[in-house]
Amino acid sequence: MQSGQKSWAEVAEHRYVFSMMEHIGSTDVELRDELIYQVFWKLIHNGHLSEELMIDMLNTALSDIYLFDEIGENGVDSVFKRSYTALLIALLLNQDLHHPFLTEEMIGKVKDKLVAYLDLEEDIRGYVTNKGWAHSVANTAYAVDELVKNPKLKVADYDEIFQSLVNKIFTSKTVYLSNEDERVIMPILTMLENGLSIDIAKGLFERIPPFLAKQKEKGSTKKFVILQANCKMFLKSFYYIASTDKKYAFIERKIERCLTEIS
């Protein structure tokens, strides 16, 4: 083998991994969840993949044909590809936490792509009959949580990430029924632990009542009811989680006042 050439084992590994990626968004629940995702978890978690291959996987996952495949479409099967690509990104980010292989520049790229994806994703379904969990919001929140745990991410980026997460909750498209609110809260708490300004969190709870009042005036009763339901669910989940830790007492008080004003 000449210097710089890959071994047959490396070539086979690359083909194996990328053939699985091609089917990452399969609508076959067993293939997608029980086989492909579980194999990826084991390969990455147990350190069976080279750093070079994982970087190739991450760059591919962040591309237009994976995380942004048919972005903007709603109610079609491409959401599974986008959502499970986000899960793969989460696995790779988690591996970097324990065995660093990503540069600061690459972490910044992941941040930009995940924020853009959150802003652009229109399909926010939870469970899809006969096809399983789409869960784009919950799965992306999981990836974001792994991202904000990374010391190579700049604290200055937290505000942008926080706003993207919050914007995804405050929607009038559909009522979240599959714990999306709890999954979104996790990276917010991680950021608060790691340096997100408390004033930013406080400001959110202060803005919600006037925001809802303004939306109510716009006229669509159905949309307002959905939006209000999502806001309340998010606030109640946040209140419950915050109540388990004394350091979040300031959040409890803000949420209590907010819920009183919007009830």
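The values are calculated or read from the model by the stated rules, or taken from the named source; none is laboratory data. In this text the structure is predicted, and so the values were computed from the model without any measurement. Every residue, glycine as well, gets a Cβ built from its backbone with ideal geometry; the counts of neighbours run over all protein chains shown. Only protein heavy atoms, including side chains, enter the accessible area calculation; ligands, DNA and RNA are left aside. Shrake-Rupley method; radii C 1.70, N 1.55, O 1.52, S 1.80 Å.
Assuming A134 fulfils every condition listed in (1) under 24 Å from L35 (Cα atoms); (2) out of contact with any strand residue (DSSP E or B) (no Cβ under 7 Å at 6 or more places or on another chain); (3) among the aliphatic types (A, V, I, L, M) apart from one, which condition is it?
(2)
Being under 14 Å from the mean Cα position of the chain (by Cα) and open to solvent by 10 Å² or more (accessible area, probe 1.4 Å) is the filter here, so list the residues in the range 85-107 that pass it.
L87, L91, N94
For the range 1-33: of the residues being among the charged types (D, E, K, R) and at pLDDT below 95, which is least open to solvent (accessible area, probe 1.4 Å)?
Per the criteria, the residue is E13.
So how many residues does the range 82-100 have that are touching a His at 6+ places or on another chain (Cβ under 7 Å) and in contact (Cβ under 8 Å) with a residue 60 or more places away in the chain?
Matching residues across the range 82-100 total 0.
Name the helices (runs of 4 or more DSSP H) wholly inside the range 140-218 in which the number of residues that are within 23 Å of H99 (Cα to Cα), under 14 Å from the mean Cα position of the chain (by Cα) and free of Cβ contacts under 8 Å to residues at least 60 places away in the same chain is 2 or more.
Those helices (runs of 4 or more DSSP H) span 180-194.
Condition first: touching a helix residue (DSSP H, G or I) at 6+ places or on another chain (Cβ under 8 Å) and small (G, A, S). Now tell me which residues in the range 72-120 satisfy that.
Of everything in the range 72-120, those that are touching a helix residue (DSSP H, G or I) at 6+ places or on another chain (Cβ under 8 Å) and small (G, A, S) turn out to be G72, S83, A86, A90, G108.
A quick yes/no check of all residues on (1) within 22 Å of H45 (Cβ to Cβ); (2) of a type outside the set (F, W, Y); (3) in a loop (DSSP other than H, G, I, E, B):
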position: F101; (1), (2), (3): yes, no, yes
position: G108; (1), (2), (3): no, yes, no
position: D112; (1), (2), (3): no, yes, no
position: A116; (1), (2), (3): no, yes, no
position: I124; (1), (2), (3): no, yes, yes
position: A138; (1), (2), (3): yes, yes, no
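Suppose we filter R82, R125 for residues that are of a type in the set (K, R), under 22 Å from T174 (Cα atoms) and open to solvent by less than 10 Å² (accessible area, probe 1.4 Å); which single one remains?
R82
In this structure, does H99 turn out to be touching a Gly at 6+ places or on another chain (Cβ under 7 Å), farther than 27 Å from L227 by Cα and not acidic (D, E)?
It is true that H99 is touching a Gly at 6+ places or on another chain (Cβ under 7 Å), farther than 27 Å from L227 by Cα and not acidic (D, E).
Which residues, taken from the range 18-36, are in a helix (DSSP H, G or I) and touching a residue at least 12 places away in the same chain (Cβ under 8 Å)?
Those that are in a helix (DSSP H, G or I) and touching a residue at least 12 places away in the same chain (Cβ under 8 Å): F18, M20, M21, V29, R32, D33, I36.
Within the range 37-59, which residues are free of Cβ contacts under 8 Å to residues at least 24 places away in the same chain, open to solvent by less than 60 Å² (accessible area, probe 1.4 Å) and over 19 Å from the mean Cα position of the chain (by Cα)?
Passing the criteria: only V39.
Can you go through L235, L259 and tell me which one is farther than 12 Å from Y176 by Cβ and in contact with a Cys (Cβ under 7 Å, 6 or more places away or on another chain)?
L235
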